[in-house]
Amino acid sequence: VFAPFAPGEAIVKQGAQVHHLYILTEGRAEVRVAVPGAPPRVVKELVAPDFFGEMGMLTGEPRQATVVSLTPVVCWRLDKETFRAFLEARPQIADEVSRVLAQREVELVSAREGLSEEAKRAALADAHISFLSKIERLFGP
């Protein structure tokens, strides 16, 4: 499904239930995480082509961050079954996606808790293995 967004519009909101993964095909967006007692922290900027919203779809957890468009944005929304079809057609995507998920998980934790570089490296290796296992359980043969 094609989804356009105006600048400043929230594409996904932290805490919301997850139904889609988004593929950013045009524009730029910002990933923000709410932190108790402080203004939202910017985790990273997304620039097309990129994707987001995969973490909740793969873990079943609510959205961990808000994504807000910085420019006019065009996204495609994929539901779980469509994503499953992609994984069946190209199984190597699971490893690629798990690496991105691991990096993003570490970025979110670091934005909330301020991890050292050493802690980030250790968390990244653990997160990659964990996410790959989750993807294989949810979408495996």
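The values are calculated or read from the model by the stated rules, or taken from the named source; none is laboratory data. This structure is a prediction, so every number in the text was calculated from the model and none was measured. Cβ placement follows ideal geometry from the backbone for every residue including glycine, while neighbour counts extend to all protein chains displayed. Heads up: the accessible areas ignore ligands, DNA and RNA and are worked out on the full protein's heavy atoms, side chains in. Shrake-Rupley method; radii C 1.70, N 1.55, O 1.52, S 1.80 Å.
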(message) Taking amide H atoms as placed 1.01 Å from N in the peptide plane, list the residues 5 or more away in sequence, or in a different chain, whose amide H sits under 5 Å from that of residue 25.
(response) 74, 75, 76
(message) With every protein chain kept in place and ligands, DNA and RNA left out, what is the accessible area per residue of the stretch 74-141? Probe 1.4 Å, answer in Å².
(response) 60 Å²
(request) Compute the distance in nm between two label points, each set 7 Å from the Cα along the Cα-to-Cβ direction, one at residue 89 and one at residue 45. (result) 3.2 nm
(message) Given contacts defined as C-alpha pairs under 8 Å and at least six residues apart, what's the relative contact order of the chain, whole-number percent?
(response) 29 percent
(request) Determine the distance separating the Cα centre of the stretch 113-141 from the Cα centre of the stretch 21-42; give it in Å without decimals. (result) 20 Å
(request) Only one of the values (1) 50; (2) 43; (3) 36 was calculated from this structure for percent of Cα pairs over 21 Å apart; name its label. (result) (2)
(message) Testing the spin-label approximation: label points 7 Å from Cα along Cα→Cβ at residue 14 and residue 113. State their distance in nm.
(response) 1.6 nm
(request) Towards the positive end of the charge dipole of the chain, with charges on Cβ (+1 Lys, Arg; -1 Asp, Glu), say which of 91, 8, 101 has the farthest Cα. (result) 8
